[in-house]
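So the structure is just underneath, and the comments pick up after that.
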Amino acid sequence: MTRIRTLIVDDEPLARERLRTLLADRAAIDVIGECANGAEAVDAIRRERPELVLLDVQMPELDGFEVLQAIAPDEWPAVIFVTAYDQYALHAFDVNAVDYLLKPFDRARFERALGRAEAELRERGGRDAKLVSLLEGLRRDGRRPQRLVVRAGGRIFFVSVPEIDWIEAAGNYVKLHVGQTAHLLRDTMKHLETQLVAVRFARLHRSALVNVDRIRELRQDGDGNWEVVMLDGTRLSAGRDLAARLRLLIGDC
């Protein structure tokens, strides 16, 4: 295995120094940098693409979980949380952290955490080697997509575009609603609209795209406000003026 590119993130200089010392004699580890706050960590992860991050939880500007929220899930490194607070442990494993080190910890406990990270990265490497050509091919394909690739929690989902009911804006992400399931994808509504308009998706308003073929009915109340009812019963407000693009796709309403 090649050396693991590792980033240390902690707002306490002494804590960063201790982690550097513990990593110094690990031939498989290449420490590529240190960060003292969450904003620096986001920039470093995007720029350096580390395989492993030793990540504090409570930090200035962004905490450890907010750092991960700012990074696309398919770009997340393996993460070992290193913190003095035990109340975040369950949340850490909700975001698929490799391990959760509670300060103070000894070398033996640290070595176990690194062993888990190395095993996780070996597993990822084998899985990604089989899928990389497929994923890159999908990203390079300039045609309108027939499916979207969503990576989350060590799994890769191939979401068929015609099966998507509607798409909801969710901060730096979009939420793909497929029946009772929702997938979180790092993308923008504007970009998806340009990709999907040719496959019968229409923008209701700034926060919602709908699959026209998944609409069950349109309702208008006494004030002239439209409501779109999807096949699964979901109701979406469309305001008084149904988007022109939607009118063109479904005919005069």
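The values are calculated or read from the model by the stated rules, or taken from the named source; none is laboratory data. In this text, all values refer to a predicted model and were calculated from it rather than measured experimentally. Here the Cβ positions follow ideal geometry from the backbone for every residue, glycine too, while neighbour counts run over all protein chains shown.
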Selection status of Val98, within 21 Å of Arg155 (Cβ to Cβ), modelled with pLDDT of 90 or more, in contact with a strand residue (DSSP E or B) (Cβ under 9 Å, 6 or more places away or on another chain) and of a type outside the set (Ser, Thr, Tyr): no
Hits in segment 28-63 (condition: in contact with a helix residue (DSSP H, G or I) (Cβ under 7 Å, 6 or more places away or on another chain) and either closer than 20 Å to Ala170 by Cα or of a type in the set (Val, Ile, Thr) (or both)): Ile29, Val31, Ile32, Val42, Val53, Val57, Leu62, Asp63
Residue list for segment 1-46, restricted to those being small (Gly, Ala, Ser) and in a helix (DSSP H, G or I): Ala15, Gly38, Ala39, Ala41, Ala44
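Return the only residue of Glu34, Glu66 being under 20 Å from Lys103 (Cα atoms) and without any contact (Cβ under 8 Å) to a residue 40 or more places away in the chain.
Numbers: Glu66 fails: under 20 Å from Lys103 (Cα atoms).
Step by step, each of Glu34, Glu66 is checked, and only Glu34 is under 20 Å from Lys103 (Cα atoms) and without any contact (Cβ under 8 Å) to a residue 40 or more places away in the chain.
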Options Thr6, Thr83; residue that is under 19 Å from Glu118 (Cβ atoms) and either β-branched (Val, Ile, Thr) or in contact (Cβ under 8 Å) with a residue 60 or more places away in the chain (or both): Thr6
Any hit, segment 33-41, residues being in contact with a Cys (Cβ under 9 Å, 6 or more places away or on another chain) and under 23 Å from Thr188 (Cα atoms): yes
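More than 20 Å from the chain's Cα centre (by Cα) and buried (at least 20 other Cβ atoms within 10 Å of the Cβ): which single residue out of Val82, Val67 fits that description? Steps first, answer last, please.
Values: Val67 fails: more than 20 Å from the chain's Cα centre (by Cα).
Testing whether each residue is more than 20 Å from the chain's Cα centre (by Cα) and buried (at least 20 other Cβ atoms within 10 Å of the Cβ) leaves just Val82.
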Residue among Arg26, Arg49, Arg16, Arg5 that is of a type in the set (D, E, K, R) and loosely packed, with under 14 Cβ neighbours inside 10 Å: Arg49
Which numbered condition Pro60 misses (of (1) more than 21 Å from the chain's Cα centre (by Cα); (2) not in a loop (DSSP other than H, G, I, E, B)): (2)
Every pair of residues 6+ apart whose Cβ atoms lie under 6 Å, when the first sits in segment 94-106 and is of a type outside the set (A, V, I, L, M, F, W, C) while the second is outside any loop (DSSP other than H, G, I, E, B) and surrounded by 14 or more Cβ atoms within 10 Å (Cβ to Cβ): Asp99/Ile80; Asp99/Ala113; Asp99/Arg116; Tyr100/Phe81; Tyr100/Ala89; Tyr100/Ala92
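Would you pick out the residues in segment 197-224 that are part of a helix (DSSP H, G or I) and either of a type in the set (Phe, Trp, Tyr) or exposed (fewer than 13 other Cβ atoms within 10 Å of the Cβ) (or both)? First the steps, then the outcome.
Residues of segment 197-224 part of a helix (DSSP H, G or I): 197-199, 212-214.
Passing the criteria: only Ala198.
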